[in-house]
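To start, the structure under review is shown below, and the notes come after it.
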Amino acid sequence: MTRRKLAIIVGIVIAIGAMALIFWPTAEVDDHAQEEAEAETPEGVVTLSDEQISEAGIQLAAVRSGAAVELVFPATVAASPTASARIDARASGVVRSVGKTLGDYVSRGETVARIESADAAALASQLSAARARVSELSAAYERERRLFEANVTARQDLEAAQANLSVARSELQRAEAAVAAAGVSGDGRSLAVTSPLAGRITAAPIVLGSFVDAGEELYRVVDPNGLQIEVALPSAEASRIQPGDEAVLVVGDGREIGARVRSVTPSLDPESRSATAVLSLSRGVPGLQPGAFLQARIRPSGEIDRDRIAVPEDAIQVVEGRDVVFVRTKTGFQAREVQVGTRSAGMVTILSGLQEGWRIAVANAFLLKAELGKEGAEHGH
């Protein structure tokens, strides 16, 4: 074999080896290709056909700019005039019994204390005198009636006796009503102190055995179901708030309570230079006490912020601790993370993450979250 032939053979071997190195797949190249393939498939995709979307009852809505304006004010819990009562002593005397104390529940008309008073003895005496008078005149009338039937007395005598008896009976009814209203005890020594409404005792300055004057405060009662919210409105904002406007109250633990503006004072307070809006609650709130401070978010009717987007609350789903909205795509839906703002009246303000014109899932969007969870579990295995 000549040198020339040997060189040709060696060159052919080297060329074949080089081509093998170029075209032979390695593990590193395969791993890189797999990463690129996975990167081409975006996360949070749910593939559904139009027919599947219809069968699942998933409703779509287009994203539109325009969110209701919300004005934020400090607010105070107060009892409405018909839901609070001050219970005073009806007469001067000594407190002989105390039936309720601070925080207790009372029913309407329930006796909460008794006062030993001379007024009780006077009312009891008037009742006894009225009863005696009726008994006396009843006997006189019966006697006149028998005499008239025996043709002994004239008719005018019978009619006079009947008139006197009627007057006495009226006096007896008045005395009985006065005794019942004052809650005079059976022995005629004490008067009852009763609550004019059902609620809880919020103040109880009464002291057993103490002497009290007529009109002195003994208890204060508040009905927790009759609370109202009072909001101080700065003069610049007062004209924007009208009765009927919707509002949301935020309590200390973060709960949100629906409310509505019931009234707004027509003039400003001369000292604070603010008006007062009174908000009525949509429902009773356990644990809410008069005097508590809240945050009120009021939505003036007709005012829209065109720079913001609001979507139905059902469209917001929480996936892996993130707020997402499912945006319609050609093959199904794409979960897009959003930054949410305030929530009010079933709508959520979106601060970022959505664009006007996109179509998103609203009703039954939770089904897409469930489907996304199933796909994640399958990929995990």
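The values are calculated or read from the model by the stated rules, or taken from the named source; none is laboratory data. Since the model is a prediction, treat every value here as computed from it, not as a measurement. Note that we place each Cβ from the backbone using ideal geometry, even for glycine, and neighbour counts take in every protein chain shown. Remember, those area values only see protein heavy atoms, side chains included, never the ligands or the DNA or RNA. Shrake-Rupley method; radii C 1.70, N 1.55, O 1.52, S 1.80 Å.
The table below lists the values:
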| quantity | calculated |
| --- | --- |
| Cα-centre dipole for region 119-185 with unit charges at Cβ (Lys and Arg positive, Asp and Glu negative), debye to 20 | 60 debye |
| Accessible-area value, Glu70, 1.4 Å probe, nucleic acids and ligands omitted, Å² | 40 Å² |
| Accessible carbon and sulfur surface of region 119-185 relative to its total accessible area, %, 1.4 Å | 50 percent |
| Long-range HN-HN contacts of Ser92 with modeled amide H, under 5 Å | Ala214 |
| Approximate shape of region 214-285 as ellipsoid semi-axes (Cα gyration tensor, √5λ), whole Å, largest first | 24, 20, 11 |
| Mean accessible surface per residue for region 228-363, computed with a 1.4 Å probe while every protein chain stays in place, in Å² | 53 Å² |
| Extension reserve of the Arg343-Arg174 stretch, reckoned as 0.36 nm per residue once the Cα distance is removed | 54.9 nm |
| Karplus-derived 3J(HN,Hα), 6.51/-1.76/1.60, for each residue of region 96-107, Hz, glycine and proline x | 9, 8, 10, x, 9, 9, 4, x, 6, 8, 10, 9 |
| Per residue accessible area of region 119-185, 1.4 Å probe, in Å² | 62 Å² |
| P(r) histogram, all alpha-carbon pairs of region 119-185 included - 10 Å bins from 0, percent | 23, 36, 23, 13, 4 |
